[in-house]
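Just so you know, all these numbers are worked out from the coordinates, no wet-lab data involved. Keep in mind that what you see is a predicted model, and the values were worked out from it rather than measured. Heads up, the Cβs are rebuilt from the backbone with ideal geometry, glycines too, and the neighbour counts pull from every protein chain shown.
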Amino acid sequence: MSKLITRAGVLLAALLMTVGVMAALSTGATAATAAPAATVAAGPAASTTAAPARLAARRYNWGAIAISDGDYAWGTSYDYATKRNARISAIRRCRAHSNYPYKCVVRMVIVNQCGAYAYKRRADGTLHWGYARYYSKARTIRTAKARAGYNSRLLTWVCTTR
């Protein structure tokens, strides 16, 4: 009987902590300010329910590069909460600058890093493309230009803030 009461107490404490964290998040307080009161009430159960709060704090910053196949106009986006919104924004920006707006295509999607596109015009008039994704802007640009070839030009680059 005492094991049942102990389990019920732990479950009740975990439930109270979860409700407290949800209430704190809905009122605009952070989980860090709600956690000390919940830890006192929950005891050992607090360590098992703190993991969802850490996962909720994790954030991905999405970005994208869209390039028009018609005139090589481009559009970038950065620091969007979802991949879909980053892609839509890059296409909209590309279409705003292109003479062929419906030829804009998302060429690169990034998350918490930098991306770049470079090109080199060959003797026959065709373009040779180079692209890169890294966590530093300088390395991203350098690698994209190296992949495009000697004497290449940078078309565009974008970095997220994380």
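Which ones in the range 105-131 are of a type in the set (S, T, N, Q) and free of Cβ contacts under 8 Å to residues at least 40 places away in the same chain?
T126
Can you give me the number of residues within the range 151-162 that are more than 17 Å from R93 (Cα to Cα) and over 19 Å from the mean Cα position of the chain (by Cα)?
Residues that pass the stated criteria total 4.
If you scan the range 84-111, which residues turn out to be closer than 10 Å to I67 by Cα and among the hydroxyl-bearing types (S, T, Y)?
Matches in the range 84-111: S98 only.
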